[in-house]
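K.L.:
So that we are looking at the same thing, I have put the structure below in structure tokens.
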Amino acid sequence: MNKYILDLISRINDKTEERDERGGIGQHTSFNAIREAGQLNDASFLPELKDFIINSPHQEDKIAVYIILGGIIRNTNKIDDIQFLIDRIDKEDKITKHYILKQFPPIRKTLENDISTLLQCVDTNDIGEKITAIGSLFYAPHPEAEQKLIGFNVTKEEKEVLQITCAVLSDIGTMASIPFLQSIISTKKGELKKMAKYAYDRILKNIL
């Protein structure tokens, strides 16, 4: 594999605390490496990254490669590459799956992408995983994504689930989301109500 990519994998896995310019403790090496991965846009790295993911049994390195892959796919935005990432979800263990889902919020999916796996991930009783899965639907213009979210029971879902749902609907919502958001606005308080109102107003602004 490319030497730069191998070094980046190593740094993503490195939890050493770096010193800032004043000698104080700064960010972890891993944090800075992940930010670096998010800036990559060289699609020539993709074939070997995909090959590594398919053939490597090493979980920690695979997670690092998924982070790198997510950065490149976000910045190059090719349909087949996005689908590759989606299709890998069901092939990985729970921890790796979590990191794959975390790559999706900034990736602009297209209607040509099959997001059924992302929608299935929303159907979990694990609140943390559910929140991550809902977040993966940012920039998903698919009607089925919106329908999935507005099908939540406002009285039964956890506040944190409804908050991320409102955030996603502020991005992908249409008039179909308005009754769902109105029900939150009329029955909830505080930050959740504000988020629902923001989504409501943004949808109307985009339509009018």
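K.L.:
Does region 177-200 contain any residue that is touching an Asp or Glu at 6+ places or on another chain (Cβ under 7 Å) and surrounded by fewer than 17 Cβ atoms within 10 Å (Cβ to Cβ)?
P.N.:
no
K.L.:
Here's something else I'd like to know. Within region 61-109, take every residue that is over 18 Å from E48 (Cα atoms) and among the aromatic types (F, W, Y) and give me the one that is surrounded by the most Cβ atoms within 10 Å (Cβ to Cβ).
P.N.:
Of everything passing the filter in region 61-109, F104 is surrounded by the most Cβ atoms within 10 Å (Cβ to Cβ).
K.L.:
Which of the residues that make up region 116-153 are more than 22 Å from F84 (Cα to Cα) and surrounded by fewer than 16 Cβ atoms within 10 Å (Cβ to Cβ)?
P.N.:
Of everything in region 116-153, those that are more than 22 Å from F84 (Cα to Cα) and surrounded by fewer than 16 Cβ atoms within 10 Å (Cβ to Cβ) turn out to be T124, N125, D126, I127, G128, Q147, G151, N153.
K.L.:
Same structure, new question: Tell me, which residue of region 43-85 that is without any contact (Cβ under 8 Å) to a residue 12 or more places away in the chain and of a type outside the set (S, T, Y) is nearest to P106 (Cα to Cα)?
P.N.:
Looking at the filtered set, the residue picked out is D80.
Only the coordinates and a few stated rules stand behind these numbers; no lab work does. All values derive from a computational prediction rather than experimental measurement. Virtual Cβ from ideal backbone geometry, glycine too; neighbours counted across all protein chains shown.
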